[in-house]
Amino acid sequence: MNIQEYLAEVTRIHKTGAATEHSYRSALQNLFSTISDDVQALNEPKRVQCGAPDFLINRGDIVIGHVEAKDIDKDLATFKGTEADQKSRYLKALPNLIYTNCLDFEFYREGVLLTKISVADFLMGIQPKPENFQPLENQLRDFAAQKPQTITSSEKLAEIMAGKAVLIKDVLFKALREDENLQTEISGQFKAFQEHLIHDITPEDFADIYAETIAYGMFAARLHDDTLDTFSRQEALELLPKSNPFLRSLFGYIAGHDLDERIKWIIDDLADVFQAANVKKLMENFGSLTGRNDPFLHFYETFLSKYNPEKRKARGVWYTPEPVVNFIVRAVDEVLQTEFGLPDGLADTSKVAIDWDTGQADKKGKPVTIKKDVHRVQILDPATGTGTFLAEVLKQVAPKIRPWTHNGADVA
């Protein structure tokens with residue numbers, strides 16, 4: 001279908017006088033599917049209702065772009081409210097995107113408007129602009145020629161991960177509202193989370209946690225992936241450590257055939273993002289200037305600053321450079337030795353008897369206490385985060401503790 005044939009079909013539909021926004025979808029699908037012999041346009045209303053773009057443009061099994069289609073009388077430049085919010089999310093998450101009202105076409109790459117082409121004016125009916133037919137065909141071919149990008153910086157990876165996570169959260173939240181009175185896998189997971197983990201969690205907070213866990217779980221999997229030419233949600237499950245049964249259980253569903261179609265397309269998009277990134281190489285020098293020695297732990301701060309900076313602030317997710325942590329812990333160790341008379345410092349294992357409140361009261365209403373031996377030195381980190389301080393304490397303490405023996409042999 002060339003542009004002239006496409007516009008004739010749009011005009012025919014409009015002249016019926018009964019056309020809605022969805023009436024033009026077949027003409028758009030035919031147009032996008034004829035851009036190239038190996039390109040297919042998929043329009044899946046079930047996903048659209050939950051916040052997905054109207055069309056996925058595929059080459060084989062790989063998604064190469066997305067299209068959001070509005071009604072023919074919609075001005076693409078004057079979005080407000082929810083439409084404006086939706087467009088903002090799409091621009092952050094979808095690197096190759098078209099916005100159209102069937103007559104005007106906006107082409108975005110990496111969230112930046114490349115060009116806008118109009119093939120007709122909508123004044124007293126549809127007035128064709130034949131001089132723009134060929135430019136639109138050329139731009140559509142360029143749109144279809146795009147390949148998954150190669151990501152070369154950790155900052156860019158965090159931005160794209162965050163964009164996908166925001167979409168997952170948005171779509172999942174809408175799905176939970178749709179499924180409120182239905183027995184679906186997603187609603188079942190939400191109810192199980194409420195029952196066993198956080199009783200007063202809201203659907204929105206659950207969607208937030210879910211999206212964040214998926215995005216960072218896939219990052220963890222890709223970080224340990226040696227097969228750089230391939231990556232998928234199924235492969236992610238195989239790469240996740242068996243020492244994290246919660247994450248593996250979640251990805252058992254994510255990797256399965258029964259994954260909800262409403263979020264499946266975004267997770268597959270996210271897998272394509274990771275396939276275009278050598279995460280292990282990106283993380284080689286991550287934090288070299290600030291002493292961040294474990295990229296898996298400390299990249300989370302970068303990711304969260306892009307995904308939800310307000311949550312980062314509320315949680316206090318601010319990384320303390322490891323040289324600073326080392327200095328603070330050594331200083332505390334020295335103070336314990338010089339000021340408190342504990343030669344082993346943080347490694348001190350001596351105990352002292354204290355009055356321990358049992359939480360009960362005697363007949364006169366006075367608190368009942370007992371004598372209890374407790375360690376003089378106790379380590380408390382109320383905002384553990386990635387555990388940097390606790391890890392450094394262990395490093396300081398380890399050399400001072402005598403090895404224990406087993407069958408006569410020292411065990412370090």
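Read-outs throughout are calculated quantities, based only on the coordinates presented, and are distinct from any laboratory measurement. Computed from a predicted model, the values in this text were never measured in an experiment. A quick note on method: Cβ atoms are made from the backbone with ideal geometry, for glycine too, and the neighbour counts reach across all protein chains shown.
Under a 5 Å amide H cut-off, with hydrogens placed 1.01 Å from N, L114 pairs with F107, Y108, R109 among residues at least 5 apart or on other chains.
In order along region 156-171, the phi-based Karplus estimate (6.51 cos²θ - 1.76 cosθ + 1.60, θ = phi - 60°) of 3J(HN,Hα) comes to 5, 4, 4, 4, 5, 4, 5, x, 5, 5, 4, 5, 4, 4, 4, 5 Hz; Gly and Pro are listed as x.
Of the residues A69, A211, A77, the one that moves most in a GNM of the chain with alpha-carbon contacts below 10 Å is A77.
The distance separating the Cα centre of region 224-251 from that of region 116-182 comes to 29 Å.
Report summary: the helix-based calculation at 222 nm, which adds -39500 (n - 2.57) for every DSSP H run with n ≥ 4 and divides by the residues of the chain, gives -14500 deg cm²/dmol. The slack between K364 and E238, meaning 0.36 nm per residue of separation minus the straight C-alpha distance, is 39.1 nm.
Shape call for region 3-144 from the C-alpha gyration tensor, a ≥ b ≥ c root eigenvalues: rounded (a/c under 1.5), prolate (a/b greater than b/c) or oblate? The shape class here is rounded. By the count of neighbouring beta-carbon atoms within 10 Å, fewest first, I62, I168 end up ordered I62, I168.
A255 sits among other residues whose Cβ lies under 12 Å from its own Cβ, and their net charge, with Lys and Arg +1 and Asp and Glu -1, is -1.
Label separation (M124 vs H196): 6.8 nm, computed from points 7 Å beyond Cα along the C-beta direction. Structure note, pairs K80/K191; K242/K306; K164/K264; K70/K156: Cα-Cα distances above 23 angstrom occur for K80/K191; K242/K306; K70/K156. Computed from phi, the 3J(HN,Hα) profile of region 237-242 under the Karplus parametrisation 6.51, -1.76, 1.60 (θ = phi - 60°) reads 4, 5, 8, 5, x, 5 Hz, with x in place of Gly and Pro. Taking the Cα centre of region 196-248 as origin and assigning +1 to Lys and Arg Cβ atoms and -1 to Asp and Glu Cβ atoms, the resulting dipole is close to 220 debye.
Here region 170-291 is treated as a sphere whose radius is the Kirkwood value from Cα pairs; by Stokes-Einstein at 4 °C and 1.567 mPa s it diffuses with a coefficient of 83 µm²/s. Using the Cβ-Cβ distance between D142 and W356 with R0 set to 56 Å, the FRET efficiency works out to roughly 0.15. Can you tell me what percent of all Cα-Cα pairs in the chain are more than 33 Å apart? Value for the chain (Cα pairs over 33 Å): 50 percent. Rounded to the nearest 10 degrees, the angle from helix 3-15 to the longest Cα principal axis of the chain is 90 degrees.
Taking Cα atoms only, the orientation of helix 81-93 departs from the longest principal axis of the chain by about 70 degrees. What is the helix-to-structure angle for 245-254, meaning the angle in degrees between its Cα long axis and the longest Cα principal axis of the chain, kept from 0 to 90 and rounded to the nearest 10? On a 0 to 90 degree scale, this one is about 10. Placing +1 on the Cβ of every Lys and Arg and -1 on the Cβ of every Asp and Glu, with nothing else charged, gives region 3-144 a dipole about its Cα centre of roughly 280 debye.
Close amide-amide hydrogen proximity is noted between A277 and I151, each under 5 Å apart and 5 or more residues distant or on a separate chain (H modeled in the peptide plane; Pro and chain starts excluded).
Of all lysines in the structure, those lying under 16 Å Cα to Cα from K371, and not within fewer than 8 positions of it along the same chain, are K351.
Each residue of region 105-114 was assigned a 3J(HN,Hα) from its phi angle through the Karplus expression (A = 6.51, B = -1.76, C = 1.60, θ = phi - 60°), giving 10, 9, 10, 10, 10, 6, x, 10, 5, 7 Hz with x at Gly and Pro. Fully extending the segment from T349 to T230, taken as 0.36 nm per residue of separation minus the present Cα-Cα distance, adds 37.7 nm. One decimal place: the segment E284-E178 gains 33.8 nm when fully extended, by the rule 0.36 nm per residue minus the C-alpha distance. Per-residue Cβ neighbour counts within 10 Å put M1, M283, M218 in the sequence M1, M283, M218, beginning with the fewest.
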